[in-house]
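Peer 1: Here it is, the structure, as structure tokens.
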Amino acid sequence: MNASRQSSRLAAWLPRLVVAPSLLIVLVTVYLFIAWTGVISVTSSKFVPVYDFVGLEQFARLWATPRWHIAVENLFIFSTLFLAISIGLGLLMAILLDQHVRAEGFLRAVYLYPMALSFIVTGTAWKWVLNPGLGIQKVVNDLGWATFRFDWIADPQMAIYTVVIAGVWQSSGFAMAIFLAGLRGIDNSVIKAAQIEGASLPLIYRQIIIPMLRPAMLSVVVLLSYIAIKSFDLVLALTNGGPGAATELPSTFMFSATFRRNQMGVGAASAVMMLMTVAAIIVPYLYSELRERNNG
Amino acid sequence: MAEAISTLPSPSPAPGSGRVTKTDETPRYNRAWIGRLFIYATLIAMAAAYLMPLWVMVTTSLKPLEEIYGGSFIGFPQNFTLDAWRVAWSQACIGTECTGLKPYFVNSLLIVIPAVVLSTGIGAINGYILTKWRFPGANLVFGLLLFGCFLPYQAILIPMARTLSLIGLAGSIPGLILVHVSYGICFTTLFFRNYFVTLPDDLTKAALVDGAGFFRIFWSIILPTSIPIIVVSCIWQFTQIWNDFLFGVSFTSGAHSPITVALNNIVNVTTGRKQYNIDMAAAMIAGIPTLLVYIVAGRYFVRGLTAGAVKG
Amino acid sequence: MSKIFAGLVAAVMLMPVGARAQGAIEVMHHWVAESEIEALSVIRKGVEAKGFQWKDSAVGGMSGANVQQALRARLTAGDPPGAMQFLGWEGVQWAEQNVVRDLNDQAKAGGWRNALPPQLLPFLTAQETFIAAPINMHRQNWVWANKKIFDDAGIPIPKSWPELIQAGRKLKERGVIPLAMGDESWQVEVIFDALLADLNGPEFYRKTAIDLDPKALGSREMVKVFDMLREVRGLVDANFVGRDWAVATGMVINGQAAMQVMGDWAKGEFLAKGLKPNKDFYCFPTPAPVTSFQYLIDSFGMFKVKDPAVQKAQIALAETVMDPAIQKRFNLIKGSIPARTDVPVDEFDDCAKLAFKDRAEAIAKGGMIGAMTHGFASRPEFAAVFGDVAGQFFVGTMSSDEAVKMLVQGIENAR
């Protein structure tokens, strides 16, 4: 891009100058701090940071901790289900809302509101709803279906799925909003053409509309992955990692190792593991995406 | 995913999307009433499920405490009372200061408003540079910013505390604003960059030829077109910052704390009796601004996400 | 619009950064419950009566982990509060970092050493230097019972855990939940701590929970502890998930449940209902041949600060905390007993009087042991392993042998 001759020098440098402070902030608050965490992970830090070198001892300790294995397994279960169900429900709600329904604005607000509330706020309510003696199970039992059981939150094998439920509740509305935006962006002449050719509505959705939502779908995947990896309040408020350690996630593990268990080195090691996982997913995509744009 | 990154709340130019806006005059499909029934039944059932926790919170906040401890956790209040709301707002004790949530509500506003404005503003100008004034290494800068979105914040509390003290902002509201802006930039830059990347370059090129400069183009050409994405960015940032607890509890204290920290102190009682009705009322009060933002700006939210496709 | 923002930003920027008024002290603590706040106000008023200003920094939740995190950020930033409420080893650990002020002058003048049980000193001193002033002492190993249920069923106060289990089974047949509790790890750990000392004696508790002796940790005695914990599980109802301890206490009060094993903060729940010890409810120590006294104390430590006004306020706070009259008033509200052993007992209720008596005995006979659940045994990285194992064992289907194995490995891994 070329500016007028006199100011071409300035014009060339001005954008860089303006973006520089942001870059500097991020270099410090993201990358320098990541580096610090990396350093701590190879020290014997417990209560406060110490700067010695113990090699990979903290990583060995981390992987010898059963709680960490639970956390990693849970992250896998949680993020897979959380993404799949949020996307499915979000898409369903968006498609239904897009059928010229009455009170669309109200319904949209209802589906979106959970995103607005912090789990410090909604955790207790969810605890009661899921508690077999107080919530859904009791209500259904009282209605006459005495054998109905919904006690996942009490079952170490099932508790992580209650975290999925609460997570989906919070975020599926957000997925809905992005899908709805995607649907509104689709040109309906395409659909009309298909209808004229006699295609049925489900077929139109399956074969034409949903494939056209691909960009929206991918946006949803990125934002929901971000939410899944960072889930923290959700678990603390709902189960506090319990029953036992059944709903521990890497983020809660990291927090309790650092601030509750005096294992700052182990906490840093778990942070490094998390960052490496994120990098392994993000960096290749980023690379291919930005290359494409350069070429194009 | 590659495209995802570029089409986050962005004007998604889906392949094959045309320039025709949908209109309401013709129902797209003739469907039997059974179909309509199915649609409404599903939507209403889901709405009911989504509202359930809110129902629990609202009814609990309207019950006297004795009724709750008597075993009524879910269900309609028998002795309706607004006391819990009054106590939560102006009398509940946060430590030995029995001021209710009121002063912390103000703190949160003092934190959120500058932080949202600053991070959105910086994000807008970054997005503008990264799309319309591309320089060698611009992609690298964008990549570096983007990765910051995924940082687990639990890991960086201690170096951040050290940094804040080095620049003299430890334990203060400006310090907390700085933290929120720092990590907010990653998201806002992403939002704006992906929005601006779809604006035609002709616009800026023409303005350049006319002699408009860097800032002039931003102010009078780019910014006016970006209201939808500004709304998206503000909603996202407002929600994230208002609901933040981790940074608030780490980088402020006592009377400077944001509302989530005060709320935590009301709610998170371990060796005392929980006052569930006050907890819930406090929780609702703390949630009202974000709820309002979603309800009032919610329509613009979806519109903001859609806008680009309509305009092309 | 932009003017408003500009004004707002300016207003924020002008706000004082950690402003300190003359003679003001910032006190950081995690007391947020009603009775806790009321008790703390006794100290606050005492400090204010000496002419100093009190600045309150409360951070509740996560069993004190939140306040620990906040404190660490503050100390890292070089901006510590004037005083901090310490639990367990926290004070000593900060003293090891050389950031805690010594209170030796005050201790000497106030005769602290003679007024306090010697078992507390490891938590209050670092290399013979006093670094914290204790206000109270809770006892963790109590059983709270509904008297009417016990009397109706003709059940005497159990003298051993097998007797307690027997009584529980009988109550279960009568349609009462024998034991009220929640599934939180710490609530399980309260029972685990009690079993550790009650089944095998305080010496075993010291060897395992404090000294972390690998042989004792992997012994048959430890298996017995888990076996009994499994029996205890049988006395709890299915809806114990996410139940707060105070809700469990409420179940004992309203007759849904017969007993609860909980520290003496539970007493406040009974008293708040106007119930009287030994008339409406029983309080007795967890049953054992040798009764132990599992204590936890709250103390206040002072951080090193430069401001002489704050330093003066710190002295005032330390003196207030150690004032016998303040300790009496504080503990009458909090449900605990004074940390000092020279406070008159007349005004306390029967449960507290029993605690005074048991404490004197325990000090003499070696039954004073720190409550692991609240950080008064081994350091946090080890105590957390006990909590993990007990918590997972209780809610799951692990065998006692597996639990012991997990415990031994967990402790090894944390070393």
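Peer 1: Of the residues C:Lys267, C:Lys304, C:Lys279, C:Lys312, which is among the charged types (D, E, K, R), under 26 Å from C:Leu196 (Cβ atoms) and touching a residue at least 60 places away in the same chain (Cβ under 8 Å)?
Peer 2: On the way: C:Lys304 fails: under 26 Å from C:Leu196 (Cβ atoms); C:Lys279 fails: under 26 Å from C:Leu196 (Cβ atoms); C:Lys312 fails: under 26 Å from C:Leu196 (Cβ atoms).
Every option except C:Lys267 fails the conditions.
Peer 1: Another question, if that's okay. Might you check whether a residue that is surrounded by fewer than 20 Cβ atoms within 10 Å (Cβ to Cβ) and either at pLDDT 95 or above or not in a helix (DSSP H, G or I) (or both) occurs anywhere in the range C:135-149?
Peer 2: No, because not a single residue in the range C:135-149 is surrounded by fewer than 20 Cβ atoms within 10 Å (Cβ to Cβ) and either at pLDDT 95 or above or not in a helix (DSSP H, G or I) (or both).
Peer 1: Same structure, new question: If you scan the range C:73-98, which residues turn out to be among the polar types (S, T, N, Q) and within 13 Å of chain B (Cβ to nearest Cβ)?
Peer 2: The initial filter retains those residues of the range C:73-98 that are among the polar types (S, T, N, Q), namely C:76, C:85, C:93, C:97-98.
Of everything in the range C:73-98, those that are among the polar types (S, T, N, Q) and within 13 Å of chain B (Cβ to nearest Cβ) turn out to be C:Thr76, C:Gln85.
Peer 1: Restricting attention to the range A:44-72, report how many residues are in a helix (DSSP H, G or I), under 19 Å from A:Gly242 (Cα atoms), within 14 Å of chain C (Cβ to nearest Cβ) and not basic (Lys, Arg). Walk me through how you get there before you give the answer.
Peer 2: Step one: of the range A:44-72, the residues in a helix (DSSP H, G or I) are A:57-63, A:66-72.
If we keep only those that are under 19 Å from A:Gly242 (Cα atoms) as well, we get A:66-72.
Those left that are additionally within 14 Å of chain C (Cβ to nearest Cβ): A:66-71.
Of the ones still in play, those that are also not basic (Lys, Arg) are A:66, A:68-71.
Within the range A:44-72, residues that are in a helix (DSSP H, G or I), under 19 Å from A:Gly242 (Cα atoms), within 14 Å of chain C (Cβ to nearest Cβ) and not basic (Lys, Arg) number 5.
Peer 1: Could you list, in sequence order, the residues of the range B:40-78 that are more than 9 Å from chain A (Cβ to nearest Cβ) and under 18 Å from C:Asn254 (Cβ atoms)?
Peer 2: B:Lys63, B:Pro64, B:Leu65, B:Glu66, B:Glu67, B:Ile68, B:Tyr69, B:Gly70, B:Ser72, B:Gln78
Peer 1: Shifting gears a bit: Kindly check whether there is at least one residue in the range A:269-276 that is over 19 Å from A:Arg67 (Cβ atoms), within 18 Å of the chain's Cα centre (by Cα) and within 8 Å of chain B (Cβ to nearest Cβ). Even if it seems obvious, please write down each step before you answer.
Peer 2: Step one: list which residues in the range A:269-276 are over 19 Å from A:Arg67 (Cβ atoms), which gives A:275-276.
When the remaining residues are screened for being within 18 Å of the chain's Cα centre (by Cα), the result is A:275-276.
Cutting the leftovers down to within 8 Å of chain B (Cβ to nearest Cβ) gives us A:275.
There is at least one residue in the range A:269-276 that is over 19 Å from A:Arg67 (Cβ atoms), within 18 Å of the chain's Cα centre (by Cα) and within 8 Å of chain B (Cβ to nearest Cβ).
Peer 1: Is one or more of the residues making up the range A:211-221 surrounded by fewer than 17 Cβ atoms within 10 Å (Cβ to Cβ), part of a helix (DSSP H, G or I) and more than 19 Å from the chain's Cα centre (by Cα)?
Peer 2: For the range A:211-221, residues surrounded by fewer than 17 Cβ atoms within 10 Å (Cβ to Cβ), part of a helix (DSSP H, G or I) and more than 19 Å from the chain's Cα centre (by Cα): present.
Peer 1: Which of the residues belonging to the range C:59-72 are among the aliphatic types (A, V, I, L, M) and facing chain B (nearest Cβ under 10 Å)?
Peer 2: Of the range C:59-72, the ones among the aliphatic types (A, V, I, L, M) are C:59, C:62, C:65, C:67, C:70-71.
Result: C:Val59, C:Met62, C:Val67, C:Ala70, C:Leu71.
Peer 1: Separate question: Quick check, is B:Tyr128 within 14 Å of chain C (Cβ to nearest Cβ) and among the hydroxyl-bearing types (Ser, Thr, Tyr)?
Peer 2: Numbers: within 14 Å of chain C (Cβ to nearest Cβ): no; among the hydroxyl-bearing types (Ser, Thr, Tyr): yes.
For B:Tyr128, the condition - within 14 Å of chain C (Cβ to nearest Cβ) and among the hydroxyl-bearing types (Ser, Thr, Tyr) - is not met.
Peer 1: Working only within the range B:241-290, note down all residues that are free of Cβ contacts under 8 Å to residues at least 60 places away in the same chain, closer than 19 Å to B:Gln154 by Cβ and not β-branched (Val, Ile, Thr).
Peer 2: Listed by number, the residues that qualify are B:Asn243, B:Phe245, B:Asn264, B:Asn268.
Peer 1: Just wondering, is there one or more residues in the range B:87-101 that are without any contact (Cβ under 8 Å) to a residue 40 or more places away in the chain, of a type outside the set (Gly, Ala, Ser) and part of a helix (DSSP H, G or I)?
Peer 2: no
Peer 1: While we're looking at this one, here's another question. Can you tell me which of A:Val30, A:Val110 is in contact with a Cys (Cβ under 9 Å, 6 or more places away or on another chain) and facing chain B (nearest Cβ under 7 Å)?
Peer 2: Details: A:Val110 fails: in contact with a Cys (Cβ under 9 Å, 6 or more places away or on another chain).
Matching residue, one of A:Val30, A:Val110: A:Val30.
Peer 1: Considering only residues that are among the β-branched types (Val, Ile, Thr) and either free of Cβ contacts under 8 Å to residues at least 60 places away in the same chain or over 22 Å from B:Gln91 (Cβ atoms) (or both), look in the range C:33-58 and name the one that is nearest to the other protein chains (Cβ to nearest Cβ). Please lay out each step first, then the result.
Peer 2: Let us first name the residues in the range C:33-58 that are among the β-branched types (Val, Ile, Thr), namely C:37, C:42-43, C:47.
When the remaining residues are screened for being either free of Cβ contacts under 8 Å to residues at least 60 places away in the same chain or over 22 Å from B:Gln91 (Cβ atoms) (or both), the result is C:37, C:47.
Working: C:Ile37: 5, C:Val47: 11 Å.
Selected residue: C:Ile37.
Peer 1: Return the only residue of A:Pro250, A:Pro211, A:Pro243 being in contact (Cβ under 8 Å) with a residue 60 or more places away in the chain and more than 9 Å from chain B (Cβ to nearest Cβ). First the steps, then the outcome.
Peer 2: Working: A:Pro250 fails: more than 9 Å from chain B (Cβ to nearest Cβ); A:Pro211 fails: in contact (Cβ under 8 Å) with a residue 60 or more places away in the chain.
Step by step, each of A:Pro250, A:Pro211, A:Pro243 is checked, and only A:Pro243 is in contact (Cβ under 8 Å) with a residue 60 or more places away in the chain and more than 9 Å from chain B (Cβ to nearest Cβ).
Peer 1: Within the range C:395-408, does at least one residue satisfy the condition of being part of a helix (DSSP H, G or I), at pLDDT 90 or above and facing chain A (nearest Cβ under 9 Å)? Steps first, please.
Peer 2: We begin by selecting, within the range C:395-408, every residue part of a helix (DSSP H, G or I); these are C:395, C:400-408.
Imposing the further condition that a residue be at pLDDT 90 or above reduces the set to C:400-408.
Right, trim to facing chain A (nearest Cβ under 9 Å) and you get C:406.
Among the residues of the range C:395-408, at least one is part of a helix (DSSP H, G or I), at pLDDT 90 or above and facing chain A (nearest Cβ under 9 Å), which makes the answer yes.
Peer 1: Can you name the residue in the range C:226-236 that is in contact (Cβ under 8 Å) with a residue 60 or more places away in the chain and buried (at least 18 other Cβ atoms within 10 Å of the Cβ) and, of all such residues, is farthest from C:Ile363 (Cα to Cα)?
Peer 2: That would be C:Leu235.
Peer 1: Looking only at helices (runs of 4 or more DSSP H) that fall completely inside the range B:136-213, which ones have 2 or more residues that are touching a Leu at 6+ places or on another chain (Cβ under 6 Å)?
Peer 2: B:138-147, B:173-196
Peer 1: Being within 30 Å of C:Ile191 (Cα to Cα) and in contact with a Pro (Cβ under 6 Å, 6 or more places away or on another chain) is the filter here; which residues of the range C:291-327 pass it?
Peer 2: Within the range C:291-327, C:Thr291, C:Ser292, C:Ile297, C:Ser299, C:Gln327 meet the criteria.
Peer 1: Where residues in the range C:348-403 are under 20 Å from C:Pro338 (Cβ atoms) and free of Cβ contacts under 8 Å to residues at least 40 places away in the same chain, which of them is surrounded by the fewest Cβ atoms within 10 Å (Cβ to Cβ)?
Peer 2: Initially, the range C:348-403 is screened for residues under 20 Å from C:Pro338 (Cβ atoms), giving C:348-364, C:367-371, C:374, C:376.
Those still in the list that are free of Cβ contacts under 8 Å to residues at least 40 places away in the same chain too: C:348, C:353, C:356-357, C:360, C:364.
Numbers: C:Phe348: 18, C:Lys353: 14, C:Phe356: 16, C:Lys357: 11, C:Ala360: 13, C:Ala364: 9.
Once the filter is applied, the top-ranked residue is C:Ala364.
Peer 1: Looking at the range C:176-183, can you tell me whether even one residue there is surrounded by 16 or more Cβ atoms within 10 Å (Cβ to Cβ) and over 30 Å from A:Ala246 (Cα atoms)? Talk me through it step by step, then tell me what you get.
Peer 2: First, the residues of the range C:176-183 that are surrounded by 16 or more Cβ atoms within 10 Å (Cβ to Cβ): C:176-183.
From the residues that got through so far, the ones that are over 30 Å from A:Ala246 (Cα atoms) too are none.
So far as the range C:176-183 goes, no, none of its residues is surrounded by 16 or more Cβ atoms within 10 Å (Cβ to Cβ) and over 30 Å from A:Ala246 (Cα atoms).
Peer 1: Please find, within the range A:88-120, the residue that is farthest from B:Val296 (Cα to Cα) out of those that are over 24 Å from the mean Cα position of the chain (by Cα) and of a type outside the set (A, V, I, L, M).
Peer 2: A:Gln99
Peer 1: Which residues, taken from the range A:131-143, are surrounded by 14 or more Cβ atoms within 10 Å (Cβ to Cβ) and more than 8 Å from every other protein chain (Cβ to nearest Cβ)?
Peer 2: Of the residues in the range A:131-143, the ones surrounded by 14 or more Cβ atoms within 10 Å (Cβ to Cβ) are A:131-141.
Within the range A:131-143, A:Ile136, A:Gln137, A:Val140, A:Asn141 meet the criteria.
Peer 1: Now for a different question. Quick one: would you say B:Leu157 is within 14 Å of chain C (Cβ to nearest Cβ), under 11 Å from B:Phe251 (Cβ atoms) and either more than 26 Å from the chain's Cα centre (by Cα) or buried (at least 23 other Cβ atoms within 10 Å of the Cβ) (or both)? Before the answer, list the steps.
Peer 2: Numbers: within 14 Å of chain C (Cβ to nearest Cβ): yes; under 11 Å from B:Phe251 (Cβ atoms): yes; either more than 26 Å from the chain's Cα centre (by Cα) or buried (at least 23 other Cβ atoms within 10 Å of the Cβ) (or both): yes.
Yes, satisfied.
Peer 1: Only one of A:Ala146, A:Ala175, A:Ala154 is farther than 24 Å from B:Met46 by Cβ and buried (at least 19 other Cβ atoms within 10 Å of the Cβ); which?
Peer 2: On the way: A:Ala146 fails: buried (at least 19 other Cβ atoms within 10 Å of the Cβ); A:Ala175 fails: farther than 24 Å from B:Met46 by Cβ.
Only one candidate passes the filter, namely A:Ala154.
Peer 1: Examine the range B:86-95 for a residue that is within 30 Å of B:Asn268 (Cβ to Cβ), buried (at least 18 other Cβ atoms within 10 Å of the Cβ) and of a type in the set (S, T, N, Q), and state whether such a residue exists. Spell out the reasoning first.
Peer 2: As a first pass, look at the range B:86-95 and keep what is within 30 Å of B:Asn268 (Cβ to Cβ): B:86-95.
Keeping just the survivors that are buried (at least 18 other Cβ atoms within 10 Å of the Cβ) gives B:87-88, B:92-95.
Cutting the leftovers down to of a type in the set (S, T, N, Q) gives us none.
Checked against the condition, which is being within 30 Å of B:Asn268 (Cβ to Cβ), buried (at least 18 other Cβ atoms within 10 Å of the Cβ) and of a type in the set (S, T, N, Q), the range B:86-95 yields no hits at all.
Peer 1: Another question, then. Which numbered condition trips up C:Ala246, out of (1) outside any helix (DSSP H, G or I); (2) closer than 30 Å to C:Asn331 by Cβ; (3) under 22 Å from the mean Cα position of the chain (by Cα)?
Peer 2: (1)
The values are calculated or read from the model by the stated rules, or taken from the named source; none is laboratory data. Bear in mind the structure is a predicted one, so any value in this text is a computation, not a measurement. Note that we place each Cβ from the backbone using ideal geometry, even for glycine, and neighbour counts take in every protein chain shown.
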